[in-house]
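Below is one structure, written out as structure tokens, with a few remarks after it.
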Amino acid sequence: MSIVPQIWKASTLSIVGPFNVRRKHCNPTRPRAARRGWGTLASAVALAATCALVSGCAGKQRGASLENIGKAQTAAPNGAALFQAQCASCHGDRGQSAGRPPRIMGPGALPELPSEQNINADPAAGDPELLRLRARTRPAGAPWRDPFRTAADVFRFVSTSMPLPPEKAGTLRPDEYWAIVNFILVAHGVNVPPGGVNEGNASSVKLH
């Protein structure tokens, strides 16, 4: 029996076998490396999306800015105190709304006309009790309040409809309502005359 074929076979195994072994050991590592790469990429994308979301939320202001609140407290200190006592529990300390009542300071607040459902087209920003109260006194199809175009419009509404509950509406003195309106308007960013808004100049102070 010739030993040549066996030597050839042995040499073939010694050459091919290790490469086969290496292929078996190397090939599976490539998918794992790829999976690690895709996992890292997916994590980076998720992190970027989260940062963008947080940044977007942080940039969306609700209520008056701290700078305008400071100006309003200086311009109308009595109005600031009255607002905290009579209004902040429902509307928030910066007019941002603490629940269902509408926002009354800052972006989106005090629109000229309310939406069909509430003042800010915000499902969480309407006061059902006030809506029902106003609906009983408004013509069919009319908005639940008159337009807000001037400081006089705001005073007229606030002095006849606030504070809630309805039995307390209109119970403050006129000077107290003017003080509150001055605080709200300055905090909202409205340019008010030197000395503040009053009965004599309110119709000339534009909101928009």
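The values are calculated or read from the model by the stated rules, or taken from the named source; none is laboratory data. Remember, it's a predicted structure, so these values are computed and weren't measured experimentally. Every residue, glycine among them, receives a Cβ derived from its backbone with ideal geometry; neighbour counts consider all protein chains shown.
Listing for the model above:
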quantity: Top-ranked residue in the range 181-208 [being assigned to a helix (DSSP H, G or I) and in contact with a Ser or Thr (Cβ under 9 Å, 6 or more places away or on another chain); ranked as surrounded by the fewest Cβ atoms within 10 Å (Cβ to Cβ)]; calculated: S204
quantity: Residue among T50, T74, T29 that alone is of a type in the set (S, T, Y), modelled with pLDDT of 55 or more and either within 14 Å of V186 (Cα to Cα) or out of contact with any helix residue (DSSP H, G or I) (no Cβ under 7 Å at 6 or more places or on another chain) (or both); calculated: T74
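Residues are listed down the side, and each one gets a yes or a no for (1) modelled with pLDDT of 90 or more; (2) over 21 Å from H208 (Cα atoms); (3) under 20 Å from the mean Cα position of the chain (by Cα):
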{"position": "V54", "(1), (2), (3)": "no, yes, yes"}
{"position": "E129", "(1), (2), (3)": "no, yes, no"}
{"position": "A135", "(1), (2), (3)": "no, yes, no"}
{"position": "P163", "(1), (2), (3)": "yes, yes, no"}
